[in-house]
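Structure record follows, encoded as structure tokens.
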């Protein structure tokens with residue numbers, strides 16, 4: 001069996017430094033930014049592993065573009081503009097520009113962004129990957145392209161130089177559902193899509209239900225899209241049930257779906273929250289403007305984008321540990337009129 005060639009990642013792991021530091025030693029022998037003792041560790045790791053630098057990759061990454069690629073799955077979802085704004089503000093404050101890629105939650109588009117980054121379009125990548133996993137990003141690490149992902153639960157990349165920021169979506173969904181239960185609801189339904197945050201928020205919904213000892217009726221309706229149309233469709237399906245079987249409370253996987261659900265409820269001649277309570281997730285700008293104002297889980301999108309960009313820039317500047325970092329961001333339940 002052919003033995004795998006050592007990579008810069010292996011050198012960084014053995015030396016106990018970041019890949020950026022290894023790159024500085026290889027590409028900038030005269031740089032003063034790497035302490036002599038650290039340089040010695042890197043050179044010893046190179047000798048120990050028998051590492052031979054990839055000249056093509058080194059040439060490609062010698063010149064910085066001072067550009068970050070910001071990946072989002074939907075340019076029409078109001079959740080993401082504030083996230084992008086946070087990335088942009090932090091990037092510009094540190095001398096970087098950003099390029100925005102709208103992947104439309106498509107696996108091929110996500111892979112295309114990785115390919116473009118490897119071609120030298122960006123020094124770092126920030127954003128949301130619904131389909132690519134840590135192993136799919138390995139080629140970026142080998143070219144010293146820094147990556148920070150927005151996740152829906154805690155994920156550690158271990159020794160890989162991949163940084164993750166996350167909101168505990170399971171806990172947030174559990175809190176939202178628990179709030180509905182405390183309001184006295186015993187027939188609840190969740191409306192969600194098929195991918196993205198579905199699993200974490202679904203688990204939180206079910207976890208809250210399991211904590212209640214008395215009999216409950218619950219359902220999970222899955223629809224194609226995380227938008228008003230998806231919420232409207234899911235709610236319409238629920239409203240076809242006999243009155244005694246229709247839920248009295250709805251947990252929607254995001255605010256757009258919640259707004260769509262409220263439209264279907266109004267069209268059925270029912271009222272929110274008198275007949276059905278509705279709670280969303282994200283706290284997009286429209287959440288406080290619709291009637292009734294939407295009770296929801298607030299995420300701090302701008303701060304999330306800013307922190308993700310900061311993680312990437314720190315790694316590019318050699319100010320990050322060799323392994324991946326995990327940063328938890330806060331959330332809060334915002335109580336308004338819909339529930």
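Can you sort 13, 118 so the residue with the fewest Cβ neighbours within 10 Å comes first?
By the 10 Å Cβ count, ascending, the order reads 118, 13.
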Task: Normalised alpha carbon radius of gyration of the stretch 169-298 [divisor 2.2 N^0.38 Å] - done: 0.93
- [ ] Compute the Cα gyration tensor for the stretch 175-224, then decide on rounded, prolate or oblate, letting a ≥ b ≥ c be the square roots of its eigenvalues: rounded whenever a/c is under 1.5, prolate when a/b is larger than b/c in the other cases, and oblate in all that remain.
- [x] prolate
Task: Theoretical FRET efficiency, 1/(1+(r/R0)^6), r = Cβ-Cβ of residue 329 and residue 52, R0 41 Å, to 0.05 - done: 0.50
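With the Cα gyration tensor of the stretch 93-243 in hand, give its eigenvalues times 5 under a square root as the equivalent ellipsoid semi-axes, listed largest first in whole angstrom.
Details: eigenvalues 287, 65, 29 Å².
Over the Cα atoms of the stretch 93-243, the ellipsoid semi-axes are 38, 18, 12 Å.
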Open item on the list: Once the convex hull of the alpha carbons of the stretch 141-215 is built, what does its volume come to per residue, in cubic angstrom?
Closed with: 95 Å³
Open item on the list: Just to confirm my numbers, what's the Cα centroid distance between the stretch 258-285 and the stretch 181-212 in Å?
Closed with: 16 Å
Open item on the list: How large is the Kirkwood hydrodynamic radius of the stretch 282-339, counting all unique pairs of alpha carbons, in Å?
Closed with: 13.6 Å
TODO: Note the angle between two axes, namely the Cα long axis of helix 36-49 and the longest principal axis of the Cα atoms of the chain, as a number of degrees from 0 to 90, rounded to the nearest 10.
DONE: 90 degrees
Task: Most to least packed among 102-112, 276-286 [average Cβ atoms within 10 Å] - done: 276-286, 102-112
TODO: For an R0 of 35 angstrom, estimate the FRET efficiency from the Cβ-Cβ distance between residue 206 and residue 75 and round to the nearest 0.05.
DONE: 0.65
Open item on the list: When a/c reaches 1.5 or more, the comparison of a/b and b/c decides; with that in mind, is the stretch 81-143 rounded, prolate or oblate per its Cα gyration tensor?
Closed with: oblate
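At 10 °C and 1.306 mPa s, grab the translational diffusion coefficient of the chain from Stokes-Einstein with a Kirkwood Rh over Cα pairs, rounded to a whole number in µm² per second.
Estimated via Stokes-Einstein, D reaches 73 µm²/s.
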TODO: Using only Cα atoms, find the angle between the long axis of helix 255-267 and the longest principal axis of the chain, and express it within 0 to 90 degrees, rounded to the nearest 10.
DONE: 20 degrees
- [ ] Using every Cα-Cα pair within the stretch 243-339, state what percent have a distance larger than 18 Å.
- [x] 54 percent
Task: Full-stretch length increase - residue 229, residue 274 - with 0.36 nm per residue and alpha-carbon distance subtracted - done: 13.9 nm
Open item on the list: Can you order the peptides 84-93, 165-174 by their average number of other Cβ atoms within 10 Å per residue, highest first?
Closed with: 165-174, 84-93
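Each value in this text was obtained by applying a stated rule to the coordinates, not by laboratory testing. In this text the structure is predicted, and so the values were computed from the model without any measurement. When we count neighbours, we look across all protein chains shown, and the Cβ atoms used for this are built from the backbone with ideal geometry, even at glycine.
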